[in-house]
Amino acid sequence: QKKMYSVPAIELHFWIATIGIVLYIAAMWIAGVMQGLMWRSVNPDGSLTYTFVESVKATFPFYVIRLVGGLLYLTGMLVMLWNTVMTARQGRAVDGPVIAVNPAHA
């Protein structure tokens, strides 16, 4: 078999997985920077400006974006799996010469 079952499925897999991983990485990067800056922020008396819970609440929308990105990436991998399985099922046995070889001694 020299060709995949579906070339459009290859393109679909590529773009869905690429968009998913970019969303995932961007969301995690933005959430991490934002949370880190919130943890570094202090009041004049030295106490933290934001509580831990406030920093987690502020990053929640980015965790939702991360979830969407992860689901897109997973969907792209499932498209790839389907295309690979269909390609393997479409293949057929080929008769060819069987070459006898001498075993190598280690």
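Observations on the structure shown:
- Angle in degrees between helix 52-90 and the longest Cα principal axis of the chain, rounded to the nearest 10: 10 degrees
- D (Stokes-Einstein, µm²/s), Kirkwood Cα radius, the chain, 1.002 mPa s at 20 °C: 118 µm²/s
- Hz values of 3J(HN,Hα) by residue in the stretch 92-102 - Karplus curve (6.51, -1.76, 1.60), Gly and Pro given as x: 9, 5, 10, 7, x, x, 9, 9, 7, 10, 7
- Global geometry of the stretch 61-106, whether rounded, prolate or oblate, following the gyration tensor of its Cα atoms and the 1.5 cut on a/c: oblate
- Simple spin-label estimate for E54 and W15 in nanometres, 7 Å along Cα-Cβ: 4.3 nm
- Fraction in percent of alpha-carbon pairs per bin - 5 Å, the stretch 32-79: 5, 20, 19, 15, 12, 10, 8, 5, 4, 2, 1, 0
- Angle in degrees between helix 7-40 and the longest Cα principal axis of the chain, rounded to the nearest 10: 20 degrees
- Translational diffusion of the stretch 10-53, µm² s⁻¹ [Kirkwood Rh, Cα pairs; Stokes-Einstein; 20 °C; 1.002 mPa s]: 168 µm²/s
- V64-V94 pseudo-label distance in nm [points 7 Å out on the Cα-to-Cβ vector]: 5.2 nm
Read-outs throughout are calculated quantities, based only on the coordinates presented, and are distinct from any laboratory measurement. Because the structure is a prediction, the values reported are computed rather than measured. Backbone-built Cβ (ideal geometry, glycine too); neighbour counts: all protein chains shown.
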